[in-house]
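The values are calculated or read from the model by the stated rules, or taken from the named source; none is laboratory data. Here the structure is a predicted model, which is why all the values come from computation and not from measurement. Cβ atoms come from the backbone with ideal geometry, glycine included; neighbour counts cover every protein chain shown.
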Amino acid sequence: MKVLDNLRTPSLLQTLQLIAQPTKTLENCAAKYGDIFTMRVMGLKSPPIVFFSHPQAISDCFAIPAKKLDFKKATHVFKPLFGENSIVFKEARSHQQQRQLLLPAFHGDNLKSYGQAICQITEEVTQNWTSGTDICIHSFMSNITLEIILKVVFGITHGARYNTLADITNPEAITQLSYLNAVCQETLRIHPIALICTPRMVKDRVEMMGHEFTSETVLVPCIYLAHRRAETYPEPEQFRPERFLNQKFSPYEYFPFGGGYRGCIGAAFSMYEIKLATAIILSRFELSLTDKRPVHPVRRGITIVPSGGVKMVVTKKAKLKKQTILST
């Protein structure tokens, strides 16, 4: 059967609603229409855009051969943000070639070699934190990420300071801490940095879960909604890291960095950085919110960030022995 348009409001209005309130709009549509629904959110004369959150639909979508899809047409609206030559807009062989060139830098032994630098940079960025200081944690974490990318990806350094910081804990041991892993995974489940995977336009015709999608239809696996399915994650609004200790989720139920042959090439690197930076900071400081106002996800470009940047107050911990962080 065909999937008909669920929303009857004008396409321009749908587009503006998704831009202004992306998470609320997606939640409302999912509550009303379920795991598969159609919108028109690419401005005037938008093609039908089908959002998926059911694991089987996600699996089917990731498995569609690239030759049946047009990624360039589906993602052209992102060109001002990514640039004309981004790998996002590459097709077929050109896309595969670029991935093969870039992937080694973010995996295996290369990834492990970055651990010490990530720990050192995190220490350097936070070395001036003192007890009682108010900080915007989002700004600081963005600075840490930028410094890490400049150092380990582009090789840009700021002199010898990264070599002067002592007492760096073993990075590989940190990344094996099971509860730390669970906390990071649960955080990305509730608040993925991107709401959707790379959109893909159907060239001819495809079928998924009994639905037929014709030429020009845009398919969008929705990370945000898939991560909040009550059938997959009971009490999905609750922060419960233990769910990742007790169960292994499929790559169609949990995919904060996308999936399939269009998944983010920096996924492993990002998780590695998150775990190391979080462990280093929490081994040296206690952080508490400066007020009780709720923090909401808001759109910034194509990513989602916390509203207000998350204001926190720092309390410096007494210096611990080097091995302490590894005992938990």
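Quick one: Cys264 ticks every box in (1) surrounded by fewer than 20 Cβ atoms within 10 Å (Cβ to Cβ); (2) over 30 Å from Gln116 (Cβ atoms) except a single one, so which number is it?
Cys264 satisfies all of (1) surrounded by fewer than 20 Cβ atoms within 10 Å (Cβ to Cβ); (2) over 30 Å from Gln116 (Cβ atoms) except (2).
Only one of (1) more than 13 Å from the chain's Cα centre (by Cα); (2) surrounded by fewer than 16 Cβ atoms within 10 Å (Cβ to Cβ) fails for Val218. Which number is that?
Failed condition: (2).
Assuming Gly132 fulfils every condition listed in (1) among the small types (Gly, Ala, Ser); (2) at pLDDT 90 or above; (3) surrounded by fewer than 16 Cβ atoms within 10 Å (Cβ to Cβ); (4) within 22 Å of the chain's Cα centre (by Cα) apart from one, which condition is it?
For Gly132, the exception is condition (4).
Determine the pairs where a residue that is part of a helix (DSSP H, G or I), located within the range 97-126, has a partner that is hydroxyl-bearing (Ser, Thr, Tyr) and modelled with pLDDT under 80 with Cβ atoms under 6 Å apart, the partner being 6 or more residues away or on another chain.
If the second residue must be hydroxyl-bearing (Ser, Thr, Tyr) and modelled with pLDDT under 80, the pairs left are Gln120/Tyr162.
Would you say Thr290 is among the β-branched types (Val, Ile, Thr), modelled with pLDDT under 95 and within 30 Å of Ser46 (Cβ to Cβ)?
No.
Any idea how many residues of the range 72-96 are touching a helix residue (DSSP H, G or I) at 6+ places or on another chain (Cβ under 7 Å) and hydrophobic (A, V, I, L, M, F, W, C)?
Going through the range 72-96 one residue at a time, the tally reaches 6.
Of the residues that sit in the range 200-231 and are in a loop (DSSP other than H, G, I, E, B) and either among the acidic types (Asp, Glu) or closer than 21 Å to Lys24 by Cβ (or both), which one is modelled with the lowest pLDDT? Talk me through it step by step, then tell me what you get.
Taking the range 200-231 as the starting set, the residues that turn out to be in a loop (DSSP other than H, G, I, E, B) are 203-204, 209-210, 215-217, 227-231.
Among the residues that remain, those that are also either among the acidic types (Asp, Glu) or closer than 21 Å to Lys24 by Cβ (or both) are: 204, 216, 227-231.
Details: Asp204: 87, Glu216: 93, His227: 98, Arg228: 97, Arg229: 98, Ala230: 97, Glu231: 97.
Restricting to residues being in a loop (DSSP other than H, G, I, E, B) and either among the acidic types (Asp, Glu) or closer than 21 Å to Lys24 by Cβ (or both), the top hit is Asp204.
Taking the residues in the range 101-116 that are small (Gly, Ala, Ser) and surrounded by fewer than 19 Cβ atoms within 10 Å (Cβ to Cβ) as candidates, determine which candidate is nearest to Glu273 (Cα to Cα). Lay out the reasoning, then the answer.
Taking the range 101-116 as the starting set, the residues that turn out to be small (Gly, Ala, Ser) are 105, 108, 113, 115.
Then drop every residue that is not surrounded by fewer than 19 Cβ atoms within 10 Å (Cβ to Cβ), which leaves 105, 108, 113.
On the way: Ala105: 14, Gly108: 14, Ser113: 12 Å.
Ranking the candidates gives Ser113 first.
So which residues in the range 293-320 are modelled with pLDDT under 90 and either among the aromatic types (Phe, Trp, Tyr) or touching an Asp or Glu at 6+ places or on another chain (Cβ under 9 Å) (or both), if there are any at all?
Residues satisfying the conditions are Lys317, Lys319.
Does Ala230 meet the test of being surrounded by 17 or more Cβ atoms within 10 Å (Cβ to Cβ) and among the small types (Gly, Ala, Ser)?
no
Pairs only if they're at least six apart or on different chains, beta carbon under 7 angstrom, first in the range 62-82 and touching a residue at least 60 places away in the same chain (Cβ under 8 Å) and at negative phi, second of a type in the set (Gly, Ala, Ser) and buried (at least 18 other Cβ atoms within 10 Å of the Cβ); list them, first residue then second.
Once the first residue is touching a residue at least 60 places away in the same chain (Cβ under 8 Å) and at negative phi and sits in the range 62-82, its partners that are of a type in the set (Gly, Ala, Ser) and buried (at least 18 other Cβ atoms within 10 Å of the Cβ) give Phe62/Gly259; Phe62/Gly260.
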